[in-house]
Amino acid sequence: MQPYFMPYIGYWQLFAAADKLIVLDDVAFIRRGWINRNRILVNGAAHRFSIPLSHASQHRLINEIGLAADSGWLKSFRSTLVQNYRKAPFFDETQSFLEPVLMSSHGQLLPFLLRSIEAVATHLGIGTPLALASSVDPDRQYGGQARIIDLCCQEKACRYLNLPGGRDLYNAQDFHRCGIELQFIIPRLSPYTQPGGRWWPSLSIIDLLMHLGRKGAQNELLHLGPAISVDVGKS
């Protein structure tokens, strides 16, 4: 998976279900994607925020991009969290967890994202080891699906897990020929109480932690449908 900042609960459900997570750090950065952006609640509605970057371009790899030297963003983001979550049941707990992560928002983008991913994993009790694609396969001879299969082969994986959004990217027959079973896990996004009278699903894990807390979020890791294997007769 690519590294994201505080992604939704489905990312963490996948992380917890895997034996190992390989972070695709050496693929092209996607502008207007989710690597440095996510959604939280502002005035009871989903609001997208972005972490400012330095010289971000789709012609550069994720691990080549830096964070902008913009202390104003951090101050503004803290203020937004306080204004919109101060009455949330687990505001103090989540703020205490978040602050060290936010304080490390300087330097290169990738180390910051890795720090945030490892912080959430520790907070939720996810013990799945993490590796960088650039370390597993520094030569990057392949791209797209072929790269994923090659990474799986180098790790001696017998099964590749992904979220449903990846269904259109992969061909089960190609994985099967390499002795790898292609599976997709189905996240179960359980509604929880949010201000504003409606539930906004798939927000940043920040929102879920604010409303359910650490223990509640740990329970959500278990809310998965069965892993669905793709028939090798189908693409």
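The values are calculated or read from the model by the stated rules, or taken from the named source; none is laboratory data. Keep in mind that this is a model prediction, so the values were computed, not measured. Reconstructed Cβ throughout: ideal geometry from the backbone, glycine too, with neighbour counts over all protein chains shown. Quick note on the areas: whole protein, heavy atoms, side chains included, nothing else; ligands and nucleic acids left out. Shrake-Rupley method; radii C 1.70, N 1.55, O 1.52, S 1.80 Å.
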When every residue in region 145-165 that is in contact with an Asp or Glu (Cβ under 7 Å, 6 or more places away or on another chain) and polar (S, T, N, Q) is compared, the one surrounded by the fewest Cβ atoms within 10 Å (Cβ to Cβ) is Gln154
Residues that are at pLDDT 95 or above, open to solvent by 30 Å² or more (accessible area, probe 1.4 Å) and more than 28 Å from Arg214 (Cα to Cα), drawn from region 109-144
Ser134, Ser135
Just wondering, is there one or more residues in region 220-235 that are among the basic types (Lys, Arg) and either part of a strand (DSSP E or B) or at pLDDT 95 or above (or both)?
no
Hey, Trp12 of a type in the set (Phe, Trp, Tyr), open to solvent by 10 Å² or more (accessible area, probe 1.4 Å) and part of a helix (DSSP H, G or I) or not:
no
Within region 194-223, restricting attention to residues that are within 22 Å of Gly127 (Cβ to Cβ) and of a type in the set (S, T, N, Q), which residue is surrounded by the most Cβ atoms within 10 Å (Cβ to Cβ)?
Gln218
Can you confirm whether Arg188 is at pLDDT below 90, basic (Lys, Arg) and open to solvent by 30 Å² or more (accessible area, probe 1.4 Å)?
yes
Conditions (1) in a loop (DSSP other than H, G, I, E, B); (2) in contact with a Gly (Cβ under 8 Å, 6 or more places away or on another chain); (3) open to solvent by less than 70 Å² (accessible area, probe 1.4 Å): number failed by Leu41
(1)
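What about Gly66, is it over 27 Å from Gln218 (Cα atoms) and touching a Leu at 6+ places or on another chain (Cβ under 8 Å)? Explain how you work it out, then say what you get.
Values: over 27 Å from Gln218 (Cα atoms): yes; touching a Leu at 6+ places or on another chain (Cβ under 8 Å): yes.
So Gly66 passes the test.
Out of region 63-74, which residues are assigned to a helix (DSSP H, G or I), among the small types (Gly, Ala, Ser) and open to solvent by less than 70 Å² (accessible area, probe 1.4 Å)?
Filtering region 63-74 down to residues assigned to a helix (DSSP H, G or I) leaves 63-64, 71-74.
Now restrict to residues that are among the small types (Gly, Ala, Ser): 71-72.
Within region 63-74, just Gly72 meets the criteria.
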State whether the residues of region 166-177 include one that is surrounded by fewer than 16 Cβ atoms within 10 Å (Cβ to Cβ), of a type in the set (A, V, I, L, M) and within 20 Å of Ile62 (Cβ to Cβ).
yes
